[in-house]
Amino acid sequence: MAKVDRRILKSQEAIKKALLELMSEKNLDDITIQEIADRANVNRATVYLHYMDKFDLLDKIIEEHMNKLRELCRSASDLTFQEGNYVWFDYFEKNFLFFSTMLTTKSAATFRSRFLELVVQEYKVEVDVTNGKNQGIREDVLLQFFGAAVVGAVEWWILNGMPVPSRLMAEQTGRLLDRNL
């Protein structure tokens, strides 16, 4: 695999950050490529070198975070929910700009549904409705219930400015999942 030039990575990170900052200030439809370039301190052509348009840029940012969350799930697959949640909430905290922007803009509905889909997919391997406390409950109902609970808790935490430390959120949501799944 070829090593990517650090200058290219630096430019791409600046462009992504610029879009998220601008989205926290105004509607995506009102943001221009020139504004993104100016905020990122790059030439407009540099933005087009890496992205087709602002929608392509946003899609790539979202996909990057979804892939990272999937990767975090896989790396925590042998842990309890509580232990695995430390990794997730640490990631949410470090990427507050992204998550707060995605959950407070018009893009929120699309992002939220993709996030819910990811959580449901990742929890599917953990669910057992053939015996134990969840016996007799439909798997799809159980997955949607817990998926919505997790997404809702993350959404509440982010939208309220992370009112409790990430470790406490991880512990408490993890304990609830460990008890019930």
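Derivation of every value follows stated rules applied to the coordinates shown; laboratory data play no part. The model shown is predicted, which means the values in this text are computed figures rather than measured ones. When we count neighbours, we look across all protein chains shown, and the Cβ atoms used for this are built from the backbone with ideal geometry, even at glycine.
Angle check, please: helix 166-180 long axis (alpha carbons) against the longest principal axis of the chain (alpha carbons), in degrees 0 to 90, nearest 10.
That works out to roughly 40 degrees.
Pairing the Cα long axis of helix 81-94 with the longest principal axis of the chain, what angle in degrees results, from 0 to 90 and rounded to the nearest 10?
So the inclination is approximately 20 degrees.
Per-residue ellipticity at 222 nm for the chain, helices alone: DSSP H runs ≥ 4 residues times -39500 (n - 2.57), over residue total, nearest 500 deg cm²/dmol? Let's see the in-between values first.
On the way: 9 runs with 132 residues, N = 181.
Result for the chain, helices only: -24000 deg cm²/dmol.
Would you tally the net charge around Lys26, using a Cβ to Cβ cut-off of less than 13 Å, leaving Lys26 out, and scoring K and R as +1, D and E as -1?
Details: positive: Arg39, Lys54, Lys106; negative: Glu21, Glu25, Asp29, Asp30, Glu35.
Combined, the nearby Lys, Arg, Asp and Glu give -2.
In nanometres, what is the gap between the two model label sites at Ile8 and His50, each 7 Å from Cα along Cα-to-Cβ?
Taking the two extended label points, one gets 1.1 nm.
Would you mind calculating the relative contact order of the chain from Cα pairs under 8 angstrom and at least 6 residues apart, reporting the percent as a whole number? Walk me through the intermediate numbers first.
Numbers: 154 pairs, mean separation 43.1, N = 181.
Computed value for the chain: 24 percent relative contact order.
When we measure straight from the Cα of Lys133, which lysines land under 17 angstrom away, once same-chain ones fewer than 8 places off are left out?
Lys124
Using alpha carbons only, how many angstrom separate the centre of segment 28-54 from the centre of segment 131-181?
First find each Cα centre; the distance between them is then 37 Å.
When we measure straight from the Cα of Lys16, which lysines land under 26 angstrom away, once same-chain ones fewer than 8 places off are left out?
Lys3, Lys26, Lys54, Lys60, Lys68, Lys94, Lys106
Quick one: angle between helix 108-123 and the longest Cα principal axis of the chain, in degrees between 0 and 90, rounded to 10, please.
40
Which label marks the calculated value of mean projected area of the Cα convex hull in nm², given the options [x] 9.7; [y] 11.8; [z] 14.7?
For mean projected area of the Cα convex hull in nm², the calculated option is [y].
Put a dot 7 Å past each Cα toward the Cβ at Gln172 and Ser75; how far apart are the dots in nm?
2.6
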